[in-house]
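Chemist: The structure's right below; bear with me while I get my questions together.
The values are calculated or read from the model by the stated rules, or taken from the named source; none is laboratory data. Please read these numbers as outputs of a predicted model, since none were measured by experiment. So basically every Cβ, Gly included, is an ideal-geometry build from the backbone, and we count neighbours across all protein chains shown.
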């Protein structure tokens, strides 16, 4: 048995459904922001009740949240499959091990830099 909402949605055209979808996305975003703000205020009050500031608890290192993990660039390329590369860091990939065991050298696979 379908609910009233399901019945209404089933009767809608695709453009109308897409409009509803966009409206719902906006409502979800707004609700999340509102709940996040409410929770933040509650935590701030709890910290204040203990004689602390929220910023002192959460933001000990202001730059920590901004740091991103750097991805090492490719230094070596598989001649049989150019999509396969290796940065030279960490465990050697199987294609590289096989190439070296066949007598190839690491320098032959070095990616030229401009």
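Chemist: If I go through the stretch 2-53 residue by residue, how many of them are loosely packed, with under 10 Cβ neighbours inside 10 Å and outside any helix (DSSP H, G or I)?
Modeler: Matching residues across the stretch 2-53 total 6.
Chemist: Output yes when any residue across the stretch 93-111 is exposed (fewer than 12 other Cβ atoms within 10 Å of the Cβ) and modelled with pLDDT under 90, and no when none is.
Modeler: Looking for residues that are exposed (fewer than 12 other Cβ atoms within 10 Å of the Cβ) and modelled with pLDDT under 90, one finds none in the stretch 93-111, hence no.
Chemist: Would you pick out the residues in the stretch 84-102 that are assigned to a loop (DSSP other than H, G, I, E, B) and over 19 Å from residue 113 (Cβ atoms)?
Modeler: Initially, the stretch 84-102 is screened for residues assigned to a loop (DSSP other than H, G, I, E, B), giving 84, 87-93, 102.
Across the stretch 84-102, the qualifying residues are 90, 91, 92, 93, 102.
Chemist: State yes or no: is residue 77 touching a strand residue (DSSP E or B) at 6+ places or on another chain (Cβ under 6 Å), surrounded by 10 or more Cβ atoms within 10 Å (Cβ to Cβ) and at pLDDT 90 or above? Explain how you work it out, then say what you get.
Modeler: Numbers: touching a strand residue (DSSP E or B) at 6+ places or on another chain (Cβ under 6 Å): yes; surrounded by 10 or more Cβ atoms within 10 Å (Cβ to Cβ): yes; at pLDDT 90 or above: yes.
Judged against the criteria, residue 77 is a match.
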